[in-house]
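Data first, discussion second: the structure below is written as structure tokens.
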Amino acid sequence: MIIQDFIPQPYPKSIKNGSFTWSSPSNIALVKYWGKKQDQIPENPSISFTLNNCKTTTSLSFSELESDSGYSFEVFLDGEKKDDFKPKIETFFKRVEAYLPFLKDYQFKIETVNTFPHSSGIASSASGMSALALCLMSIEKELIGDISQEDFIQKASFLARLGSGSACRSLEGDLVLWGKHVDIEGSSDLFGVKYPYEVHQDFQNYQDTILLVDKGEKQVSSTVGHNLMHGHPFAAERFKQANTNLSAMVSILKDGDLDAFVALVESEALTLHAMMMTSMPYFILMKPNTLEIINKIWAFRRLSGSKVCFTLDAGANVHVLYPEREKSVVMEFIQNELVAFCQKGQYINDKIGFGAKQS
Ligand code: PMV
């Protein structure tokens, strides 16, 4: 596929008004995307677990406008009007308009609800942008009359990427790959694809308990962080390493080599933060409690032989990953030793999921 393939032919049908609702989950990267080229093209491929419980439900209502006067939309979060969300959506509309030429023909009402607290520090951009992209694709499906499920999801992922890069990995599950990798057939910089190879049963129902360490606004946004990879002294090596790590991940996932999984996933998390700390200007998103938790996990693993490990997003919260069979012992460890480091003792139990659903 090339970008031009996503520009539709003139629509054969018309539609006056309607409403579509999609729920889309968040995802957590195992091999991280950090650094992008123009038009949200990633500098390296990434792979993520789709989550199950952390999700956004978005309803998009639309009615035909009489005259074409730019984008017309309102945004609501949990029933409250959110004008501060408008600039991000306006940017998204501008980026996708060539691929969805109906955007100026309608007045939209975007109503969105997250299952996780808005101020939890969990990024809602992946779940939010993918849910919105799916609602827009539902309108396009009506205008085209027919579109295959595969083409529908692929274009929704292509659009979601233009909203927030990692959002393109939230449409399907349970493992999604985004970014061209020489060894992985079908991989693309333009959209996420379901991981196409064999996965060992130990990864089925993998658990992710998200420890809410810091719920404040991030001091440095992902957009700024990605941009700081331009001219970064270690950028070229990092992008090469991500490709190598993804190749290694293919064997790890097939063989169920949990020790190698732990080492690779934790190294990826710390490398992401090392890139932040070695940017110019440099910055640190981890908090003291992030490090306390990491040290506790390492000590617990040494003592118990557990395969529990951590990963991090662009923030201070810690994702604790573990196989389903370790659920009770790891939950006991979290309760006894880690909850004390969470803000107000808060955490979210999640697990690997299977992608977005229409309702
Ligand atoms: O999708 P963005 O632009 O918010 O970037 C997210 C990048 C990380 O979450 C840090 C890593 C990843 O691959 O999801």
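Quick notes
- Residue in region 281-301 that is closer than 23 Å to G179 by Cβ, in contact (Cβ under 8 Å) with a residue 40 or more places away in the chain and not assigned by TED's automatic domain parsing to the domain that holds W34 present: yes
Rundown of residues vs (1) in a loop (DSSP other than H, G, I, E, B); (2) of a type outside the set (G, A, S); (3) farther than 25 Å from T290 by Cα; (4) touching a Leu at 6+ places or on another chain (Cβ under 8 Å), yes/no style:
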site: H181; (1), (2), (3), (4): yes, yes, yes, yes
site: I184; (1), (2), (3), (4): yes, yes, yes, yes
site: D189; (1), (2), (3), (4): yes, yes, yes, no
site: V193; (1), (2), (3), (4): no, yes, yes, yes
site: Y197; (1), (2), (3), (4): yes, yes, yes, yes
site: D202; (1), (2), (3), (4): no, yes, yes, yes
site: I210; (1), (2), (3), (4): no, yes, no, no
site: K215; (1), (2), (3), (4): yes, yes, no, no
site: Q219; (1), (2), (3), (4): yes, yes, no, yes
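- Summed over region 142-157, residues that are within 12 Å of G192 (Cβ to Cβ) and among the polar types (S, T, N, Q) total 2.
- For region 1-40, residues that are touching a residue at least 24 places away in the same chain (Cβ under 8 Å), within 16 Å of the ligand (Cβ to nearest atom) and loosely packed, with under 15 Cβ neighbours inside 10 Å total 1.
- Which numbered condition Q107 fails, given (1) crowded, with 19+ Cβ neighbours inside 10 Å; (2) assigned to a strand (DSSP E or B); (3) more than 13 Å from the ligand (Cβ to nearest atom): (1)
For (1) surrounded by fewer than 17 Cβ atoms within 10 Å (Cβ to Cβ); (2) within 16 Å of the ligand (Cβ to nearest atom); (3) of a type in the set (A, V, I, L, M), each residue gets a yes or a no:
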residue: S138; (1), (2), (3): no, no, no
residue: R161; (1), (2), (3): no, yes, no
residue: E172; (1), (2), (3): no, yes, no
residue: Q201; (1), (2), (3): yes, no, no
residue: E217; (1), (2), (3): yes, yes, no
residue: G225; (1), (2), (3): no, yes, no
residue: E237; (1), (2), (3): yes, no, no
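- Among residues of region 239-281, those that are within 20 Å of the chain's Cα centre (by Cα), surrounded by fewer than 16 Cβ atoms within 10 Å (Cβ to Cβ) and among the β-branched types (V, I, T), counted: 0
- Residue within region 121-136 that is farther than 17 Å from D313 by Cβ, touching a residue at least 12 places away in the same chain (Cβ under 8 Å) and of a type in the set (S, T, Y) present: no
- Residue match in region 282-295 (condition: surrounded by fewer than 17 Cβ atoms within 10 Å (Cβ to Cβ), among the polar types (S, T, N, Q) and under 24 Å from N336 (Cβ atoms)): yes
- Any hit, region 161-173, residues being in the same structural domain as Q40 (by TED's automatic domain parsing), more than 16 Å from K55 (Cα to Cα), modelled with pLDDT under 95 and of a type in the set (D, E, K, R): no
The values are calculated or read from the model by the stated rules, or taken from the named source; none is laboratory data. This structure is a prediction, so every number in the text was calculated from the model and none was measured. Every residue, glycine among them, receives a Cβ derived from its backbone with ideal geometry; neighbour counts consider all protein chains shown.
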